[in-house]
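The values are calculated or read from the model by the stated rules, or taken from the named source; none is laboratory data. Quick caveat, the model's predicted, so the values are computed rather than measured. In this analysis, Cβ positions are derived from the backbone assuming ideal geometry, glycine residues included, and neighbour counts consider all displayed protein chains. For accessibility, only protein heavy atoms count, side chains too; no ligands or nucleic acids. Shrake-Rupley method; radii C 1.70, N 1.55, O 1.52, S 1.80 Å.
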Amino acid sequence: MNEQADRRAPLWIVGIFSSVIWGAGQLLNKQFLKGFIFFCIFAGSIAVEILTGNYGSMPHGFSLRENGGFFLKGVWGLVTLGTQPRKMGITGLTEGDHSIVLMVNGIIAVMVIAILLFFYIWNIRDAVNGRKRIIQTGVWQTSTEYFKKLWESMYAYIVLSPSILLLLFVSLLPIVFGVLIAFTDYTRNNIPPTKLIHWVGLDNFITVTQVFSWMHTFLGVLSWTIVWAILATVTTYFLGFFQAVLINSPRVKFKKLWRSIYILPWAIPGMVSALVFKSMFNGQFGPVSQFLVDIGLTSERIFWFTDPSNTTLARVMALIINLWLGFPYFMALIGGTLTNISDSYYEAARIDGATSGQMFWKITFPIVYKATAPLLTMSFVSNFNNFGVIYFLTGGGPANPNYNFAGSTDLLITWLYKLTLDNRLYNMGAVMSIIVFFIVGTFSLWNLRKSKTFEEL
Amino acid sequence: MNNKRKSHSGKWKTALIYLELIVMALVIIYPVIWIVGSSFGSSKGLANASAIPANPTLQNFKDLLTKTDFPLWYMNTLKVAFANMFFGVLISTLGAYAFSRFKFKGKRAGLLSILILQMFPTFLTAIAVYMLFLNFGLLNSLTGLIVVGVAAQLPYNLWLLKGYLDGISPSFDEAALIDGASRTQIFVRVILPLASPMLTFVAVTQFAAPWMDFILPKLLISSEEKKTVAIGLFSMISDETRNEFTLFAAGAVLVAVPIAALYIALQKYLINGLTAGGDKG
Amino acid sequence: MKKLGLLSLTLLLVSMLALAGCGNGSENGATGGSGGNAANSGESEGIQWDAETNEYVMEEPIASGEVPLKIWVEYEEYGKALQEAFAKKYPNVKVEYEIVPKVDSVERMALDGEAGKGADVFTTNYDELGNAIDNATAAPVGNYEAALKERISEPFINVVTRDEQMYGVPISTESIALFYNKTLLKELTGSDEPATTWEEISELAQTYNNPATNQWTIRFQAGQIYYAYSVLSSLGWHLYQDGDLDNPNFEAPELKAGLEYYKGLRNIWNVNSADATYDSIENEFIKGKTPYVITGPWVFADFDKAAAENGFEYGVTKLPKVASGEEASSFSGISVAVVSGYTKYPAAARVFLNFMASDEGAAALHQSTGAIPALNEEHLNNVEGIAGNEHIGGIVAQSENADLMPQVPEYLYTSGNSLMVNVWDNLLGVEEAQQKATKEYTEMKALVE
């Protein structure tokens, strides 16, 4: 290709070059390194497809199922969920499709394709825009210059890229998968690989609404879950806050010692503590009940977690134990935040004759709250979906005869697990986790809006 | 007169504060002693556990160290914990730096999506992550555990650090910018030191997590050589027919040691992060 | 947006590298669904049965020791013992074991199998086997069926059978029985003979029970149908009476009678169902203060140790019946060994499976973990250390009264347990509780189908 042709090549030629072979347009623009990199992505993707596929032998012509690689077979699998179940025989499973594997691989493939598509479009636009600049200014920008400029203008995206990549694949992928399951017939009667899963549209959502007799359980569990999530968050936050402020007080000596003691619940695996509390507060055999009877404080044993006639007690106990487990986290967090507050504020307040209470509510609290408000919402969310504490502490009990498959301390998430995972009703579980998601989402977005976090983003 | 009364009430206040601290300390310590005590207990079950066991014995620790691969699990977990800490802090601080200090397209949407990602109940996560790791060759590797560990807390850490950095006045970075520092230099020389209390906090949480997570790791790790402490310990109390609680408690005590030690060691960074007198508003 | 970045470039390169790396590194893995089983296609002609030795002919790579056979067991000791015992019979074959708890193995095999890295033989619990058959991690036993049926009693065989095919081999029995403290009984009643009826136990309870100090004559997990079943069956109720999984038989009049009687037992064991945890039950027996507990053979090691330390003798016997009723039945709780549906060496895996139930395999199990092999009485006594062991005798005697149980759906336990809790904790009247259990069961079933 000679110099003249290069200079005369109009925009669309460059664009078409790049859209057929990635990087070709950049080559015309004499941005060799950039062109090479685009080409590598292009060639790399094709290589992946060919290496993971089975393009060597096509006796019956090309079929996506038999010959497709990572990308093509992935998309095929996601769309069809397989066409041929495996069969069990004395020699083991025959060859065939595993719908769930196909589905996950398909989602991964689609995600990678989306990223590639983004590069593809970038590649074309870059070629065209690069050419435009050449025509307008007559200056040929080198790849190095381009990358330097890119580093300048794209700095935020570049430093965010590891986060984006991780969140996309490790956080988003399971969620997409979980959502898609809600539109399938994946249940205990339809378990791959000897059976195929199918797309069933909105059937499962309709089924859920038909189980009216469960509405009562759902509403009961939901209201307790909300109460739990709010109280669990608020109590741990404020106790943590309180302890952090106390330790921070100039009156207190041996700060390090106190902090080291209070941090212990955090250092012990939560499940161990939960099991130990369960044993300590066993109503009939636990030492706490016995102790209270022995010293004559109560005439009968107190059934902390197991008294069906007193569900409030079990709920309060669960909150208290959660407080024990959770406050060190906020104490450490807020302890760090407190050091972020300038002494000058307090000095100014002291000169104005403010009491320590006033100083706390007017200075300390607003600053710390501002820094931690979004975290409170996140903590609310994680308490809403707090599987561990309830599961290991009460197992959902005490029993509630008015509920279906749920006890009085069951949270939406523990109920959902018992109901759907234990019984392998995966599609129903997915439907319900979508419902839970909408409830939590609405609640926390409303809350965030109130705390004015949004305006500051 | 007035002065005297003030110091009098001050004494009362101090006494009250100490009283509260002591009561809280007792409430914290009693169950902890119970757990430690049960690790010295001679029978296997949890119900037999007590703060001061009847026949204290070191047998559980001995069994743990000799009859199981605990030392190996421990080393694996240490590796994962340190890597988790390093990468977790690095990636989330970089991200938070971007969210806090730069204006860019998609920032608001990005922050919101991160928040929303957190709200979805994790359902069938195991299958998806398993298949992902299968595709990328990360199954049965400690690297895989690190990826999961960093990603799991990333949304929370991003918001946490962003909130903290927002609280630090940009005047510091601006000054450095005027001095001709690049953004990466600002990040390393200005942001990292200023954010050290929160970095410490994130570091400790990142360090602690691999000692306790077992639900996902037990599916991702198959060989004995790659097991972490959490996987090994929780298999000891997997069901009614396998209830070696005292052995488990001994393991839990050994787990708590490095986490508590790290926290205590890093305390001064957590608390004295900012140089006094700086403009922190 | 052309500028949207170098960042993505780098990340893509990274992911490309990862993908490429994966292509080299784990070829089996990358193709997942269809590739994992490549080895099977090569041997699809079937596996060979040697009629002379009554064994499958092991695949060459395994028989020659070129490739190890991989098994999953819960206990290190058992894995080691099996390895040694198998090596005596098949010195060329290499066996590797990994520790996977029985409660996790099916879930893990479903994933590891697809990834082409699961074990060839694994162990699980009887209540997970239905799941394992559904998700094809359990493969049929094949020609060994006839031989195994001679060695293992019918209730156990029934647990592992679906559509007239065996999908696993019962390895050890975890059936519950009545454990009694001989020394304490002698002190209290003058005889160390255990009670055979609940009435006898109640009589002792009149004098021995002292709720204030938590002194109880008998302890058991009252809120679980698994434990309550002995009382209910003694009064004539049987779960799924005609083997029909649609009808758990929750509204049978026999059940009403059984539940009324069961409720009456609260007089001698007045504890909320949720407080009666298994560790509190075992622990109190260990202290030597409880004459009777209902539990399973997994406590042997602890009880033996405690008996020696605290100076008592204990015995194991059949579960008590109701005086006016029949012998008490129980569910057959067993651990099961299974050939993975994903194994590349189906013949060798089955040879190993059969070996696990052989005299040598059973001896390896018993000597390493103290568990009771799930063989019938005749063959069990061939196993060293079993014959004459009274404790084991008690469990075996009870397990012979086990009800025939196919793989029941998970919700049987959920609805059944909530039935027991509702009755025991007096939350609902007996009839109401029965109706609720039926309703839960049928609704759950409808939701599944």
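Structure values in brief
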item: Electrostatic dipole magnitude of the protein assembly as shown [Cβ: Lys, Arg +1; Asp, Glu -1; Cα centre; debye, to 20]; result: 7940 debye
item: Shape category assigned to segment A:1-157 from the gyration tensor of Cα positions, a/c cut at 1.5; result: prolate
item: Exposure rank, largest accessible area first [A:MET88, A:MET58, A:MET359; 1.4 Å]; result: A:MET58, A:MET88, A:MET359
item: Per-residue SASA entry for A:SER63, accessible area with 1.4 Å probe, Å² rounded to 10; result: 40 Å²
item: Candidates C:LEU404, C:LEU365, C:LEU245, ranked by Gaussian network fluctuation over chain C, Cα under 10 Å, top entry; result: C:LEU245
item: Cα centroid separation - segment A:395-457 against segment C:400-449, whole Å; result: 25 Å
item: Cα-based equivalent ellipsoid of chain B: semi-axis lengths in Å, sorted from largest, via gyration tensor; result: 38, 32, 16
item: Listing of segment B:225-241 residues, each with accessible area lower by at least 20 Å² in the full protein assembly than in the chain alone (probe 1.4 Å); result: B:LYS227, B:PHE234, B:SER235, B:ILE237, B:SER238, B:ASP239, B:GLU240, B:THR241
item: Residues A:THR142 and C:ASN92, FRET efficiency given R0 of 56 Å [Cβ-Cβ distance, rounded to 0.05]; result: 0.25
item: Pairwise burial A:C, computed as accessible area of each alone minus the pair, summed, 1.4 Å, Å²; result: 6300 Å²
item: Among B:LYS79, B:LYS268, B:LYS11, residue whose mean-square fluctuation peaks in a GNM of chain B (springs only between Cα atoms under 10 Å); result: B:LYS11
item: Derived scalar couplings ³J(HN,Hα) [segment B:168-179; Karplus, 6.51 cos²θ - 1.76 cosθ + 1.60; whole Hz; x for Gly, Pro]; result: 9, 4, x, 4, 5, 5, 4, 4, 5, 4, 4, 6
item: Apportionment of accessible area to carbon and sulfur, the protein assembly as shown, percent (1.4 Å); result: 60 percent
item: Greater than 22 Å apart at Cα, pairs in A:LYS370/B:LYS13; C:LYS321/C:LYS445; B:LYS227/C:LYS80; B:LYS79/B:LYS107; result: A:LYS370/B:LYS13; C:LYS321/C:LYS445; B:LYS79/B:LYS107
item: Per residue solvent-accessible surface (Å²) - segment A:400-448, probe of 1.4 Å; result: 26 Å²
item: Two-site FRET efficiency, C:ASN249 against A:TYR369, from Cβ-Cβ distance with R₀ of 60 Å, rounded to 0.05; result: 0.50
item: Separation of alpha-carbon centers, segment C:139-160 and segment C:322-355, rounded to whole Å; result: 8 Å
item: Selected from A:ASN54, C:TYR292, A:VAL139, residue furthest toward positive end of dipole (the protein assembly as shown; charges at beta carbon); result: A:VAL139
item: Principal axis box of chain A, alpha-carbon based, largest edge first, Å; result: 100, 78, 37
item: Residue among C:THR53, C:THR123, C:THR137 with the largest mean-square fluctuation in a Gaussian network model of chain C, springs linking Cα atoms under 10 Å; result: C:THR53
item: Nearest-10 value in Å² for the accessible area of C:PHE250, using the 1.4 Å probe; result: 0 Å²
item: Accessible area buried at the B-A interface, both sides summed, 1.4 Å probe (Å², nearest 100); result: 8900 Å²
item: For residues of A:101-114, the mean tally of beta carbons on other chains within 10 Å; result: 4
item: Dipole magnitude of chain B about its Cα centre (Cβ charges: Lys, Arg +1; Asp, Glu -1), debye to nearest 20; result: 940 debye
item: By accessible area with a 1.4 Å probe, ligands and nucleic acids excluded, highest first: order of A:THR442, A:THR414; result: A:THR442, A:THR414
item: Inter-chain shielding of C:325-337 (mean C-beta neighbours from other protein chains, 10 Å cut-off); result: 0
item: Per-residue [θ]222 nm for chain A (sum of -39500 (n - 2.57) over DSSP H runs n ≥ 4, rounded to 500); result: -20500 deg cm²/dmol
item: Nearest-20 debye value, segment C:247-351 charge dipole, Cβ charges on Lys, Arg, Asp, Glu; result: 300 debye
item: Estimated D of segment B:27-152 in µm² per second, where Rh is the Kirkwood radius over Cα pairs and Stokes-Einstein applies at 25 °C, 0.890 mPa s; result: 129 µm²/s
item: Per-peptide average of other Cβ atoms within 10 Å, ordering B:111-122, A:142-153, C:340-351 highest first; result: C:340-351, B:111-122, A:142-153
item: Mean accessible surface per residue for segment A:203-345, computed with a 1.4 Å probe while every protein chain stays in place, in Å²; result: 40 Å²
item: ³J(HN,Hα) computed for each position of segment A:335-347 - Karplus, 6.51 cos²θ - 1.76 cosθ + 1.60, integer Hz, glycine/proline x; result: x, x, 5, 4, 5, 7, 9, 5, 4, 4, 4, 5, 4
item: Cubic angstrom per residue, convex hull over Cα atoms of segment A:226-373; result: 159 Å³
item: Rounded accessible area per residue of segment A:25-118, 1.4 Å, Å²; result: 41 Å²
item: Farthest positive-ward along segment A:1-113 dipole, Cα basis, beta-carbon charges - from A:LEU102, A:VAL112, A:GLY15; result: A:GLY15
item: Neighbouring partner chain Cβ atoms per residue of B:24-33, average, 10 Å criterion; result: 5
item: Solvent-accessible area of A:THR235 with every protein chain in place, 1.4 Å probe, in Å² to the nearest 10; result: 50 Å²
item: Per residue Cα convex hull volume in Å³ - calculated over chain C; result: 209 Å³
item: Segment A:258-293 versus segment A:48-82: alpha-carbon centroid distance in Å; result: 56 Å
item: Options C:SER399, B:PHE99, C:TRP424, ranked by Cα towards positive dipole end of the protein assembly as shown, top entry (Cβ charges); result: B:PHE99
item: Ranked order, B:THR143, C:THR124, C:THR317 - accessible area, probe 1.4 Å, largest first; result: B:THR143, C:THR317, C:THR124
item: Under 27 Å from B:LYS11, Cα to Cα: lysines that are on another chain or at least 8 residues apart; result: A:LYS253, A:LYS255, A:LYS256, A:LYS362
